[in-house]
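Below you'll find the structure, written out as C-alpha coordinates, and then a few comments.
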Amino acid sequence: PEPRFCCAGVYVREYNSIFIHGGTGINSDLKDFYSFDLETSKWYKRGATPECLTGHAAVEIDSRILMFGGWNEQEYINSCILYDPEDSSLRKGNDQNMMDE
(Lines give C-alpha, C1' and ligand atoms only; values in the text may rest on other atoms or scores of the structure.)
Protein backbone atom coordinates (compact mmCIF):
# COMPACT_ATOMS: atom_id res chain seq x y z
CA PRO A 1 0.00 0.00 0.00
CA GLU A 2 1.00 3.59 -0.47
CA PRO A 3 2.26 5.59 2.53
CA ARG A 4 -0.56 7.04 4.65
CA PHE A 5 -1.50 8.61 7.96
CA CYS A 6 -4.77 8.93 9.92
CA CYS A 7 -5.73 5.39 8.87
CA ALA A 8 -7.45 2.78 11.05
CA GLY A 9 -5.51 -0.36 11.91
CA VAL A 10 -6.34 -3.49 13.86
CA TYR A 11 -4.90 -6.95 14.50
CA VAL A 12 -7.20 -9.92 13.74
CA ARG A 13 -6.00 -13.05 15.49
CA GLU A 14 -7.90 -15.54 13.31
CA TYR A 15 -5.93 -14.34 10.27
CA ASN A 16 -2.72 -13.48 12.18
CA SER A 17 -2.81 -10.26 10.21
CA ILE A 18 -2.91 -6.52 10.72
CA PHE A 19 -5.61 -4.79 8.69
CA ILE A 20 -5.42 -1.14 7.67
CA HIS A 21 -8.13 0.97 6.09
CA GLY A 22 -8.26 4.39 4.51
CA GLY A 23 -6.36 7.37 5.82
CA THR A 24 -4.67 10.17 3.93
CA GLY A 25 -2.20 9.24 1.22
CA ILE A 26 0.36 11.29 -0.64
CA ASN A 27 -2.17 13.05 -2.89
CA SER A 28 -5.64 12.14 -1.61
CA ASP A 29 -7.78 10.48 1.04
CA LEU A 30 -8.07 6.71 0.70
CA LYS A 31 -10.78 4.04 0.94
CA ASP A 32 -8.75 0.87 0.41
CA PHE A 33 -8.30 -2.12 2.74
CA TYR A 34 -5.04 -4.02 3.11
CA SER A 35 -3.88 -6.81 5.38
CA PHE A 36 -0.33 -7.62 6.42
CA ASP A 37 0.19 -11.33 7.06
CA LEU A 38 2.56 -11.67 10.01
CA GLU A 39 3.65 -15.19 8.99
CA THR A 40 4.62 -14.40 5.40
CA SER A 41 5.42 -10.67 5.87
CA LYS A 42 3.36 -9.86 2.75
CA TRP A 43 0.70 -7.25 2.06
CA TYR A 44 -2.63 -8.21 0.45
CA LYS A 45 -5.22 -5.87 -1.06
CA ARG A 46 -8.59 -6.71 0.48
CA GLY A 47 -10.96 -4.33 -1.30
CA ALA A 48 -12.36 -0.91 -0.49
CA THR A 49 -15.25 0.93 1.11
CA PRO A 50 -17.65 3.09 -0.93
CA GLU A 51 -16.19 6.31 0.50
CA CYS A 52 -12.86 7.56 1.75
CA LEU A 53 -12.34 7.75 5.51
CA THR A 54 -9.62 9.37 7.60
CA GLY A 55 -9.19 9.71 11.35
CA HIS A 56 -11.53 6.82 12.15
CA ALA A 57 -11.20 4.08 14.76
CA ALA A 58 -11.29 0.29 14.36
CA VAL A 59 -11.69 -2.68 16.67
CA GLU A 60 -11.80 -6.44 16.05
CA ILE A 61 -14.98 -8.22 17.18
CA ASP A 62 -15.45 -11.94 16.43
CA SER A 63 -12.83 -11.82 13.64
CA ARG A 64 -14.65 -8.92 11.97
CA ILE A 65 -13.57 -5.27 11.92
CA LEU A 66 -15.86 -2.56 13.24
CA MET A 67 -14.88 0.96 12.17
CA PHE A 68 -16.40 4.09 13.66
CA GLY A 69 -16.46 7.77 12.80
CA GLY A 70 -13.92 9.76 10.86
CA TRP A 71 -13.94 12.28 8.03
CA ASN A 72 -15.45 11.28 4.66
CA GLU A 73 -14.14 14.25 2.59
CA GLN A 74 -17.35 16.22 3.29
CA GLU A 75 -18.13 15.91 7.00
CA TYR A 76 -17.33 14.11 10.23
CA ILE A 77 -19.52 11.04 10.54
CA ASN A 78 -20.77 9.04 13.52
CA SER A 79 -21.80 5.85 11.75
CA CYS A 80 -20.14 2.43 11.73
CA ILE A 81 -18.87 0.14 9.01
CA LEU A 82 -18.55 -3.59 9.68
CA TYR A 83 -16.02 -5.41 7.48
CA ASP A 84 -15.83 -9.20 7.34
CA PRO A 85 -12.43 -10.41 6.06
CA GLU A 86 -13.83 -13.86 5.31
CA ASP A 87 -15.84 -12.65 2.31
CA SER A 88 -14.85 -8.95 2.13
CA SER A 89 -18.45 -7.94 2.86
CA LEU A 90 -19.37 -4.53 4.27
CA ARG A 91 -22.33 -3.39 6.36
CA LYS A 92 -22.94 0.25 7.20
CA GLY A 93 -25.17 1.52 9.97
CA ASN A 94 -25.38 3.05 13.39
CA ASP A 95 -27.42 0.65 15.49
CA GLN A 96 -26.59 -2.32 17.70
CA ASN A 97 -28.23 -4.80 15.30
CA MET A 98 -25.51 -4.45 12.68
CA MET A 99 -23.43 -7.11 14.49
CA ASP A 100 -26.20 -9.73 14.02
CA GLU A 101 -25.45 -12.47 11.52
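Within the full protein context, the accessible area of Ile61 is estimated at about 60 Å² for a probe radius of 1.4 Å. Mean sequence separation of contacting Cα pairs (under 8 Å, at least six apart), scaled by the length of the chain, corresponds to a relative contact order of 19 percent. Among Gly70, Gly23, Gly47, the residue with the largest mean-square fluctuation in a Gaussian network model of the chain, with springs joining Cα atoms closer than 10 Å, is Gly47. If every alpha-carbon in the chain counts as one equal scatterer, what log10 I(q)/I(0) does Debye give at q = 0.16, 0.19 1/Å? Scattering profile of the chain, log10 relative to I(0): -0.63, -0.89. Determine the share of the stretch 24-75's accessible area contributed by carbon and sulfur atoms, expressed in whole percent, with a 1.4 angstrom probe. Carbon and sulfur atoms account for 50 percent of the accessible area of the stretch 24-75.
For the stretch 38-83, averaging the sequence separation of C-alpha pairs within contact (under 8 Å, six or more residues apart) and dividing by the residue count gives a relative contact order of 28 percent.
The values are calculated or read from the model by the stated rules, or taken from the named source; none is laboratory data. Quantities reported herein were computed from a predicted structural model and do not represent experimental measurements. These accessible areas exclude ligands, DNA and RNA; they are computed on the full protein's heavy atoms, side chains included. Shrake-Rupley method; radii C 1.70, N 1.55, O 1.52, S 1.80 Å.
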